[in-house]
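**Q** Take this structure first; my questions come after.
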Amino acid sequence: MADVLPYKPRPGEIPTDPGVYRFRDAAGRVLYVGKAKNLRQRLSNYFAPLRTLHERTRRMVTTAASVEWTVVSTDVDSLQLEYMWIKEFDPPFNVRYKDDKSYPFMAVTLADEAPRVIVTRNRKIPGARYFGPFPKVWAVHETIDLMIKAFPIRTCSDSSYRRAMQTGRPCFPGQIGKCGGPCSMTVSIEEHRAMVDDFVAFMAGGDERFTRELTKRMLAASAAMDYEAAAKYRDKLSAIEAVLGKSALVLPADEDADLFGIAEDELSAAVQHFVIRGGRVRGVRALTIEKEIDISSGELVEQVLQQAYGEAQDVPRRILVPTLPDDAAELETWLRERRGKRVEIAVAQRGQRADLMRTATLNAQQALIRHKTRRTTDYVARTQALTDLQEALGMDEAPLRIECFDISHLGGTNVVASMVVFEDGLPRKDQYRSFNIAETTDDTDSMYQVLRRRLAYLDRPEEESEAVDPTTEEVVSEDVGAATVRRKPRFAYPPQLLLVDGGQPQVEAAARALRDAGHTEIAVCGIAKRLEEVWLPGDDFPVILPRTSEALYLLQRLRDEAHRFAITHQRKKRRNDISSVLAEVPGLGSSRIKVLLKHFGSVTALRAAAPAEIEEVQGIGPVLAQNIHTHLSTR
């Protein structure tokens with residue numbers, strides 16, 4: 001591969017002004033759109049030696065055949081132009097957005113003669129004011145039912161409204177008390193418009209002035225012994241309080257803000273958008289993002305805000321984000337143009353805002369896990385993953401059985417390895433295995449040892465199986481009682497693919513183990529976590545799977561599961577080791593060992609404790625404390 005791109009602009013050709021650039025392929029399709037405060041400085045990063053580029057950036061620039069740019073006068077203009085071009089060209093290497101679902105909204109059709117409130121998923125009704133999104137349709141209907149008790153505005157259809165206004169007979173919803181528009185023949189168009197304004201003002205901020213005003217009117221009517229009017233005010237007050245009670249006060253009552261919680265990995269991100277009005281969460285929107293080239297957290301936040309407010313009608317005065325983008329000032333100017341007033345972008349650092357940010361981030365993390373798991377549990381996705389993997393690795397057949405290996409250690413000690421098995425794209429936990437490694441020089445040597453031990457059993461299938469504890473899925477010794485173990489065929493089937501957690505060195509060690517064991521018919525590859533690149537033996541450059549590839553999600557899940565299983569085994573091994581050491585102390589049984597470890601929290605803390613500190617643990621006397629201290633000091 002040439003180290004210099006043929007379409008690289010000549011030195012000095014790129015201007016130093018702010019602007020927007022586009023990479024195109026040979027067919028003229030726009031691959032990527034970006035903006036820069038200094039075009040020359042930004043584009044020079046893409047034309048650095050290819051070996052120094054992020055793998056996914058290298059894939060983009062080598063796919064492209066040309067680059068072009070447009071100079072603008074200000075950074076805000078570049079922000080606007082970038083957003084317009086991304087919308088127009090939908091470049092495959094820019095981040096891609098996908099709503100988890102189509103959320104229902106409450107909409108008030110302000111452009112109508114007599115506005116009505118409806119439930120809709122259509123965000124393009126001319127002149128409509130939207131509230132939400134709501135998690136479920138029933139939640140919108142419940143809110144509307146409560147709201148029209150306090151603010152009885154129109155709910156009937158347009159055809160019913162026109163018919164009622166032409167005939168002078170109330171619409172059917174008006175006859176049963178479900179519509180308070182002019183079509184109910186109880187209010188004029190002007191009076192109804194005033195009611196609509198109050199409805200919108202309350203939903204926009206939960207303005208508690210309505211509560212105070214209704215309370216004042218109710219008390220006045222009661223004092224005047226107009227109990228019928230007082231009862232109406234009471235019912236409206238109850239409806240308003242019911243609406244307010246549906247959402248807890250998470251921020252000060254005068255706070256209008258949008259909060260974005262984000263969880264991300266190298267390929268994907270999940271966003272939780274909390275809409276807060278009047279200090280209460282009025283709506284939650286979930287968004288998943290597919291990333292292709294490497295972008296920072298700040299750049300991701302910037303693009304999320306562009307997506308959220310590019311066509312938004314409701315921009316709050318404060319936007320809370322986990323990381324402040326580099327172009328925060330330009331973004332604030334861009335948002336101010338949409339809102340007509342000042343907009344602040346801030347990081348939630350302490351207090352209620354930080355607590356709410358943690359909640360949103362936790363929800364985003366769980367959404368990201370669900371998004372990735374969903375890709376590998378669906379039958380069609382699994383089939384596609386195995387087919388994609390076969391093509392990407394040049395295999396003769398789809399790898400129906402894949403074994404993944406990971407090495408784990410604690411500062412070079414307690415080295416263990418894990419083997420997880422996926423068949424037809426699903427985990428076979430009954431065939432997971434763990435390995436203890438006594439002597440090793442590094443991770444590659446550990447990987448070689450483990451694979452030689454595993455591959456040796458392919459030539460000795462008649463050997464008796466190893467004892468396995470079904471509750472922990474870990475290898476245990478042969479002398480464990482029969483009541484606590486079960487026997488399984490050891491490494492019953494040969495895999496079509498061996499996957500190792502690591503890059504080129506680990507893959508070469510695995511390939512050497514296959515050659516030495518005489519099983520070169522088994523394919524091998526590795527997945528490097530930092531860049532999510534797939535390495536094959538003998539290759540100078542990794543295989544880059546597309547971000548939307550089902551194969552990549554399958555490899556990620558295998559790698560993550562092997563890592564989890566290795567860590568679990570290592571932790572149990574450390575607990576067993578220290579428990580065995582403590583069990584050698586005369587008079588110290590299993591229950592006291594548990595109390596000791598719980599009290600000190602770690603083995604390191606227990607070793608560092610003086611006899612007087614150990615004596616403070618319930619059930620530990622002076623003599624036993626001294627024996628424990630002496631025993632640990634000599635081990």
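**Q** Is it the case that some residue within the stretch 1-9 is among the aromatic types (Phe, Trp, Tyr), at pLDDT 85 or above, assigned to a loop (DSSP other than H, G, I, E, B) and over 26 Å from Gly503 (Cα atoms)? Show your work before the answer.
**A** Kept after step one, since they are among the aromatic types (Phe, Trp, Tyr), are these residues of the stretch 1-9: 7.
When the remaining residues are screened for being at pLDDT 85 or above, the result is 7.
Then drop every residue that is not assigned to a loop (DSSP other than H, G, I, E, B), which leaves 7.
Pick out the ones that are also over 26 Å from Gly503 (Cα atoms) and you get 7.
Among the residues of the stretch 1-9, at least one is among the aromatic types (Phe, Trp, Tyr), at pLDDT 85 or above, assigned to a loop (DSSP other than H, G, I, E, B) and over 26 Å from Gly503 (Cα atoms), which makes the answer yes.
**Q** Checking Ile437 against (1) under 23 Å from Arg515 (Cβ atoms); (2) in contact with a Ser or Thr (Cβ under 9 Å, 6 or more places away or on another chain); (3) modelled with pLDDT of 80 or more, which test does it fail?
**A** Failed condition: (3).
**Q** Same structure, new question: What's the number of the condition Pro92 fails, among (1) open to solvent by 60 Å² or more (accessible area, probe 1.4 Å); (2) within 30 Å of the chain's Cα centre (by Cα); (3) modelled with pLDDT of 80 or more?
**A** (1)
**Q** Now, a different point. So Asn627 clears everything in (1) open to solvent by 20 Å² or more (accessible area, probe 1.4 Å); (2) at pLDDT below 70 except one condition, right? Which one?
**A** (2)
**Q** Residue check: is Val67 in contact with a helix residue (DSSP H, G or I) (Cβ under 9 Å, 6 or more places away or on another chain), of a type in the set (Val, Ile, Thr), modelled with pLDDT of 85 or more and closer than 29 Å to Asp540 by Cα? Lay out the reasoning, then the answer.
**A** Working: in contact with a helix residue (DSSP H, G or I) (Cβ under 9 Å, 6 or more places away or on another chain): yes; of a type in the set (Val, Ile, Thr): yes; modelled with pLDDT of 85 or more: yes; closer than 29 Å to Asp540 by Cα: yes.
Yes.
**Q** Specify which of the listed residues (Arg121, Arg40, Arg116, Arg51) is at pLDDT 80 or above and out of contact with any strand residue (DSSP E or B) (no Cβ under 9 Å at 6 or more places or on another chain). Even if it seems obvious, please write down each step before you answer.
**A** Values: Arg121 fails: out of contact with any strand residue (DSSP E or B) (no Cβ under 9 Å at 6 or more places or on another chain); Arg116 fails: out of contact with any strand residue (DSSP E or B) (no Cβ under 9 Å at 6 or more places or on another chain); Arg51 fails: at pLDDT 80 or above.
Only one candidate passes the filter, namely Arg40.
Matching residues to (1) at pLDDT below 85; (2) outside any loop (DSSP other than H, G, I, E, B); (3) buried (at least 22 other Cβ atoms within 10 Å of the Cβ):
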{"residue": "Glu508", "(1), (2), (3)": "no, yes, no"}
{"residue": "Gly526", "(1), (2), (3)": "no, yes, yes"}
{"residue": "Leu531", "(1), (2), (3)": "yes, no, no"}
{"residue": "Val534", "(1), (2), (3)": "no, yes, yes"}
{"residue": "Pro546", "(1), (2), (3)": "yes, no, no"}
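**Q** Let me ask something else about it. Where in the stretch 142-208 are there helices (runs of 4 or more DSSP H), lying fully within it, with 3 or more residues that are within 30 Å of Asp256 (Cβ to Cβ) and modelled with pLDDT under 80?
**A** Values: elements: 158-167, 172-175, 189-205.
The helices (runs of 4 or more DSSP H) meeting that bar are 189-205.
**Q** Suppose we filter Asp539, Asp560 for residues that are outside any helix (DSSP H, G or I), modelled with pLDDT of 80 or more and open to solvent by 40 Å² or more (accessible area, probe 1.4 Å); which single one remains?
**A** Numbers: Asp560 fails: outside any helix (DSSP H, G or I).
Asp539 is the lone residue from the list that is outside any helix (DSSP H, G or I), modelled with pLDDT of 80 or more and open to solvent by 40 Å² or more (accessible area, probe 1.4 Å).
**Q** So is Thr155 under 48 Å from the mean Cα position of the chain (by Cα), surrounded by 15 or more Cβ atoms within 10 Å (Cβ to Cβ), in contact (Cβ under 8 Å) with a residue 24 or more places away in the chain and closer than 30 Å to Asn363 by Cα or not?
**A** On the way: under 48 Å from the mean Cα position of the chain (by Cα): yes; surrounded by 15 or more Cβ atoms within 10 Å (Cβ to Cβ): yes; in contact (Cβ under 8 Å) with a residue 24 or more places away in the chain: yes; closer than 30 Å to Asn363 by Cα: no.
Judged against the criteria, Thr155 is not a match.
**Q** Can you tell me which residues in the stretch 329-343 are of a type in the set (Gly, Ala, Ser) and either at pLDDT below 85 or over 19 Å from Gln303 (Cβ atoms) (or both)?
**A** Within the stretch 329-343, Gly340 is the sole residue that qualifies.
The values are calculated or read from the model by the stated rules, or taken from the named source; none is laboratory data. Note that this is a predicted model, so its numbers are computed, not measured. Every residue, glycine as well, gets a Cβ built from its backbone with ideal geometry; the counts of neighbours run over all protein chains shown. Quick note on the areas: whole protein, heavy atoms, side chains included, nothing else; ligands and nucleic acids left out. Shrake-Rupley method; radii C 1.70, N 1.55, O 1.52, S 1.80 Å.
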